[in-house]
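*Asks:* The structure that follows is given in the form of structure tokens.
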Amino acid sequence: MALLEVSGLKKVFKKNKKNYNAINNVNLLIEKGECLALVGESGCGKSTTANVIARLIKEDAGTVTFDGNEITKQRRLKPVGKDLQMIFQNPQDSFDPRDTVIEGVMQGARSYGIFNNGELKERALNMFEYVGLKKSYAYVKTSELSGGECQRAAIARAIICEPKLLICDEATSALDVLVQAQIIDMLKRLKRDKQMAMLFITHDLPLASALCDKIAVMDHGEIVEEGKTRQVLKFPKHQQTRNLIVSVRSVYDGTENF
């Protein structure tokens, strides 16, 4: 059984009094320990898909089954819990600027009530070390962190309870190239060391190919191509996939270098 199964997912928004399909009939599978890249141009529906899976917005049709349980059957939105966590594109917006870094990192885990205060603090400081944050930052306000430091803190917060699935929504796009590479290396370690599955949402094919086992290409709210990363990038079948590849050829000399 797949860890995550998305079937027939649809979300409709209203714009200028007209309905438009943000996502339409989206189907995805992620196995335990597997990393799937959801790629496409801005506005194609990637983040909407992530937000529905994470239960931040409600679908209009379709189902999401996570770890054997259908999580879309509730009438009201309800977070999945510690086993499904999300890292956002702008981590500063996901922290209370008045909190210290260690308070921000412990926040989610504290709500699950699975660690006492001593255990939680020790675990948080261990996460600092894992993600490359100095322990001296523990009592610095989150508002004082740089973008890269804040993203590391966001990753620490997301992985403190060792989730089964980590959703990364454009988690590196606001970072400079060096910090971006460091974050990708960290995500590779998570995948390797903790067998953590990931849904990696990006418009950057080289980043996706550096981390992910499979790629799903999205265009105008629909999945238009999916397969093993190398296969899709070497032998693209859909025009939108070819367009994405062409868009990076000025920097990367062909798909071989992805």
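The values are calculated or read from the model by the stated rules, or taken from the named source; none is laboratory data. None of the values given here were measured: they were computed from a predicted structure. Note that we place each Cβ from the backbone using ideal geometry, even for glycine, and neighbour counts take in every protein chain shown.
*Asks:* Would it be correct to say that Asp219 is on the phi < 0 side of the Ramachandran plot and surrounded by fewer than 18 Cβ atoms within 10 Å (Cβ to Cβ)?
*Replies:* No: the conditions fail for Asp219.
*Asks:* Could you tell me which numbered condition Thr255 fails, if it satisfies all but one of (1) over 15 Å from Cys44 (Cα atoms); (2) modelled with pLDDT of 95 or more; (3) not charged (D, E, K, R)?
*Replies:* (2)
*Asks:* State all residues of the stretch 99-119 that are without any contact (Cβ under 8 Å) to a residue 24 or more places away in the chain and either among the small types (Gly, Ala, Ser) or not in a helix (DSSP H, G or I) (or both); if no residue qualifies, say none.
*Replies:* Scanning the stretch 99-119 gives Ser111, Gly113, Phe115, Asn116, Gly118.
*Asks:* Have a look at Leu187, Leu178, Leu199, Leu211 and point out the one that is at pLDDT 95 or above and out of contact with any Ser or Thr (no Cβ under 8 Å at 6 or more places or on another chain).
*Replies:* Leu199
*Asks:* Another question, if that's okay. Return the pair list, or none, for Cβ contacts closer than 7 Å from residues in the stretch 68-90 that are touching a residue at least 40 places away in the same chain (Cβ under 8 Å) and over 13 Å from Val52 (Cα atoms) to residues that are part of a loop (DSSP other than H, G, I, E, B) and small (Gly, Ala, Ser), at least 6 apart or on different chains.
*Replies:* Within 7 Å, the pairs are Ile87/Ala171; Gln89/Ala171; Gln89/Ser173; Gln89/Ala174; Asn90/Ala174.
*Asks:* Let me confirm something: among Val131, Val101, Val105, which residue is crowded, with 22+ Cβ neighbours inside 10 Å and touching a Phe, Trp or Tyr at 6+ places or on another chain (Cβ under 6 Å)?
*Replies:* Checking each option against the conditions leaves just Val101.
*Asks:* Got at least one residue in the stretch 165-178 being within 25 Å of Asn21 (Cα to Cα) and more than 15 Å from the chain's Cα centre (by Cα)?
*Replies:* no
*Asks:* So, Ile223, is that one among the hydrophobic types (A, V, I, L, M, F, W, C) and within 20 Å of Ser47 (Cβ to Cβ) or not?
*Replies:* It is true that Ile223 is among the hydrophobic types (A, V, I, L, M, F, W, C) and within 20 Å of Ser47 (Cβ to Cβ).
*Asks:* Here's another thing I want to ask about it. List every residue pair whose Cβ atoms sit under 8 Å apart, with the two residues 6 or more apart in sequence or on different chains, where the first one lies in the stretch 145-159 and is within 21 Å of Ser111 (Cα to Cα) and the second, anywhere, is of a type in the set (Lys, Arg) and at pLDDT below 90.
*Replies:* Ile159/Lys194
*Asks:* Could you name every one of the strands (runs of 3 or more DSSP E) located completely within the stretch 1-98 that has at least 1 residues being in contact with a Gly (Cβ under 6 Å, 6 or more places away or on another chain) and buried (at least 16 other Cβ atoms within 10 Å of the Cβ)?
*Replies:* 4-15, 18-30, 61-66
*Asks:* Only one of (1) at pLDDT 95 or above; (2) at negative phi fails for Leu244. Which number is that?
*Replies:* If we test Leu244 against (1) at pLDDT 95 or above; (2) at negative phi, just (1) comes out false.
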